[in-house]
Amino acid sequence: MITPRDPEYAEAKLYKLGKRRMVPPFSSLAEWIEQQYGVLPLQVRLDPPGDRPMTRYRLDVVLDTEDDRALFRSGLNYDPAKQAAIGEQFLALVREVEDSRGALSRLILFGRTRISMPSGMEELFVAFSAFEAVARIEANYAVTGLEREQLAQELGLWKIHAQFEGVTFMFETDREAEQAQTNGLADECRSRYAELLKPHDAFGYFARKPIWSKCDSRETFERDYKGNWFFYTR
């Protein structure tokens, strides 16, 4: 899941809200992961290869926070030893499920592809997602354009630009943007925007870790990026 519009995010939110519970072998794997690594996944989901370019089944371990997901990384990539251990444990649990072929075909999201077990799943790809990352985007985009525009006017800004899980406070000039870092205005911008976020921060992620922000200027935007948001945000 990458954006709030992804069906995987809507599915994970049901687990986060306690409206849906995992069943074996997914719940069993989640408990095993907690025992081994000290963190309980929100959800474990299995996606068939039919609707994606890869040819392997994908086991997605959905964790709550970005810090949780970091436990399963090695540098910029997933930790291969943890991927292998979790994949092997899942396959072992699947083999314990009575009538595994029928059970799994009911448990795969959307149920588009039936599994031939074990030959169809031996080369399982294990991935890790963080619910927090998408929830922060959803909360940030829930602040309306009108609310941002009104706050920008109150703070004397040219614009407040929200993108993904961050926000940019756009002053008129480079000098104003630089001065904001020392005259307290940057702190006021962050504090006032945090108030706009509060009603939408359903899971308290921004309360735990404030939104990423920076100060920039219309002067830089028009001079260096020709007034083009596509270039500016790339």
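Assorted remarks:
- Structure-based [θ]222 nm, the chain - -39500 (n - 2.57) summed over DSSP H runs of at least 4, per residue, nearest 500: -13500 deg cm²/dmol
- The range 118-206 pair-distance distribution - Cα-Cα, 5 Å bins, rounded %: 3, 12, 21, 18, 13, 10, 6, 4, 4, 3, 3, 2, 1
- By accessible area with a 1.4 Å probe, ligands and nucleic acids excluded, highest first: order of Lys226, Lys214, Lys198: Lys226, Lys198, Lys214
- Where GluC sites (Glu not before Pro) fall in DSSP loop in the range 1-100, at most 11 other Cβ within 10 Å: Glu98
- Cα centroid separation - the range 191-212 against the range 140-159, whole Å: 15
- In the chain, the DSSP beta bridges split such that about 50 percent are antiparallel, to the nearest 5.
- Dipole magnitude of the range 15-95 about its Cα centre (Cβ charges: Lys, Arg +1; Asp, Glu -1), debye to nearest 20: 320
- The chain: angle of helix 131-142 to the longest principal axis, Cα-based, in degrees nearest 10: 40
- For the chain, with +1 on Lys and Arg beta carbons and -1 on Asp and Glu, the positive-most of Ala127, Thr168, Gly204 along the dipole: Ala127
- Sparsely packed GluC sites (Glu not before Pro) within the range 122-187, loop by DSSP, other Cβ within 10 Å at most 11: Glu122, Glu123
- In degrees, nearest ten, helix 145-155 long axis to first principal axis of the chain (Cα): 40
- Taking every lysine pair in the chain that is 8 or more places apart or spans two chains, those with Cα atoms closer than 22 Å amount to 10.
- Accessible area in the full protein assembly, largest first, 1.4 Å probe, for Phe206, Phe125: Phe125, Phe206
- Using equal-weight Cα scatterers in the Debye expression, the normalised intensity of the range 22-88 in log10 at q = 0.12, 0.22 Å⁻¹ is -0.32, -1.03.
- Rounded to 10°, Cα long-axis angle of helix 185-197 versus longest principal axis of the chain: 50
- Relative contact order (%) - criterion: Cα under 8 Å, at least six apart; region: the chain: 17
- Correct option for volume of the Cα convex hull per residue in Å³ [calculated from the coordinates] among (1) 126; (2) 150; (3) 178: (2)
The values are calculated or read from the model by the stated rules, or taken from the named source; none is laboratory data. Note that the coordinates shown come from a computational prediction; the quantities given were computed from them, not determined experimentally. Positions of Cβ are backbone-derived with ideal geometry, glycine not excepted, and every protein chain shown enters the neighbour counts. We work out accessible area using only protein heavy atoms, side chains counted, and drop any ligands, DNA or RNA first. Shrake-Rupley method; radii C 1.70, N 1.55, O 1.52, S 1.80 Å.
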